[in-house]
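What follows is a short report on a single structure.
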Amino acid sequence: MSKKIGILTGGGDCPGLNPAIKGCVWGAEKFGYECIGLTDGWKGLVEGLTTPLNKEITEYAIMRGGTMLGTSRTNPFKQPENVKKCLETFKKLDLHALVAMGGEDTLGVATRFYKEHKLNVVGVPKTMDNDLSATDYTFGFDTSVTKAMEAAEALADTGRSHRRVMVMEVMGRHAGWVALFTGIASAADFVCLPEKKVDTKAMIEKVKAAYAKKKFALVVTSEASELDSVGEDDIKHALDHFGHRILKDRGMGEHIAQFIEKATGLETRHAVIGHMQRGGSPTLFDRMLGVRVGVKAAELVRDGQFGQMSALVGNNIVGVPLEKATGALKVVTGNWFDLMEVLF
Ligand code: F6P
């Protein structure tokens, strides 16, 4: 009988997960394993929720958005009995290994199962925020930013027609990659990132100068940015299972739009692309990256490289220690700020 690999996807979904599942399943079958899906992230391992996975089922997954396995933000380490349940499910399903696809939280859990419970775990990095270390890019980012870029362009069209200032809010919980790339790609006049408090004086000057020239201005902000004039304590947040701030109702785009209108007297509108940027079919880049890191995960299992994650380094897919990916977040720094100085 072939050895069995369990696959789960955790955290926020993003385009590229289905290609990664396909890659992992096709790689695994090629190397003589069979696969089984655990549904709804770590909740699936806690509760023993499974779904069949094979080459036939995943054949067209390469072009589909979301995750066919479902996902959740369940953290089994919040309750010791859930950790126990995960270990029992692993045993009951007779798994040889588990491939966990996710961002810092999901892979953080994977790291703990590997280190503290010696489970045969391999990771696959995913996040539309692109904030995982040890991999150059994560799938999901390219598709989300492409969608956000198109939305920003559309926003600019209407803003230009009405002679307005337009503010667009994009996702990105701790890192400003989505806002930065969206802003550059849509020729925005100013970008607000969570990495640095927004210099409101500079923002207002830029907006005024842009408006004086073209009777229109576009500002792109991350949902998590902060103005230098507003303390974070002024804004309340709920927290998720992993202790992260839930930002969906924070309204940074609206807040910045109001700030600009008040400071400049210019008519200003805002829009939030929100979860729309996280759905839809993956771009070519995300299909290719997803399927490649998926196959690599199967290779890592075959080679007994547990506690590793498949990563994009240059144009190669390699194995890196899971701990390296989850130790510190990759945020916008250095050269990127120099580039911003040139472009905004
Ligand atoms: O997965 C990352 C992310 O997309 C963040 O950019 C965003 O803050 C968060 O997820 C939203 O989470 P949820 O889908 O749970 O509202």
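The values are calculated or read from the model by the stated rules, or taken from the named source; none is laboratory data. In this text, all values refer to a predicted model and were calculated from it rather than measured experimentally. Don't worry about glycine lacking a Cβ; one is built from the backbone with ideal geometry, like all the others, and counts go over all protein chains shown. Heavy atoms of the whole protein, side chains included, go into the accessibility calculation; ligands, DNA and RNA do not. Shrake-Rupley method; radii C 1.70, N 1.55, O 1.52, S 1.80 Å.
In summary, the convex hull built on the alpha carbon positions of region 236-344 has an orientation-averaged projected area of 11.1 nm². For the chain, the longest principal axis of the Cα atoms and the long axis of helix 252-264 meet at an angle of about 10 degrees.
In the context of the full set of protein chains, residues of the chain present 43 Å² of accessible surface per residue (probe radius 1.4 Å, heavy atoms only). Return one number: the angle in degrees, 0 to 90 and rounded to the nearest 10, between the long axis of the Cα atoms of helix 141-162 and the longest principal axis of the Cα atoms of the chain. So the helix axis and the longest Cα principal axis differ by about 20 degrees. Each Lys or Arg adds one and each Asp or Glu subtracts one; over the other residues with Cβ under 13 Å from the Cβ of Ser310, this totals +2. Over the Cα atoms of region 144-279, the radius of gyration divided by the Kirkwood radius equals 0.95; this is the Rg/Rh ratio. Based on Cα contacts under 8 Å between residues 6+ apart, the chain shows a relative contact order of 24 percent. The alpha carbons of region 18-172 occupy a box of 64, 36, 27 Å along the principal axes, longest dimension given first. Kirkwood's formula applied to the C-alpha pairs of region 1-70 gives a hydrodynamic radius of 12.0 angstrom. Taken over the chain, the ratio of Cα radius of gyration to 2.2 N^0.38 Å equals 1.06. Overall shape of region 130-214 was characterised from the C-alpha gyration tensor. The equivalent ellipsoid obtained from it has semi-axes of 25, 16, 8 Å, in decreasing order. Using the Cβ-Cβ distance between Lys197 and Met1 with R0 set to 56 Å, the FRET efficiency works out to roughly 0.45. Annotation for region 289-344 versus region 123-185: alpha-carbon center distance of 19 Å.
Can you tell me the mean projection area, over all orientations, of the convex hull of region 54-119's alpha carbons? Units nm², please.
Values: hull surface 21.7 nm².
Mean projected area for region 54-119: 5.4 nm², to one decimal.
Annotation: extensible slack from Ile204 through Ala187 equals 4.4 nm (criterion: 0.36 nm per residue apart, minus Cα-Cα distance). Paramagnetic label reach from Leu239 (point 7 Å along Cα→Cβ; backbone nitrogen cut-off under 18 Å): within region 77-100, residues 77-80. Per residue, the chain reaches -13000 deg cm²/dmol at 222 nm when only DSSP H runs of four or more residues are counted, each adding -39500 (n - 2.57).
Taking Cα atoms only, the orientation of helix 80-92 departs from the longest principal axis of the chain by about 50 degrees. Using the average count of surrounding beta-carbon atoms within 10 Å as a protection proxy, the listed peptides 308-317, 20-29, 36-45, 77-86 rank, highest first, as 20-29, 36-45, 308-317, 77-86.
For Met128, no residue 5 or more places off, or on another chain, has a built amide H under 5 Å of its own.
For the listed residue pairs Lys43/Lys92; Lys4/Lys118; Lys55/Lys147; Lys201/Lys330; Lys197/Lys324, the alpha carbons are over 25 angstrom apart in Lys55/Lys147; Lys201/Lys330; Lys197/Lys324.
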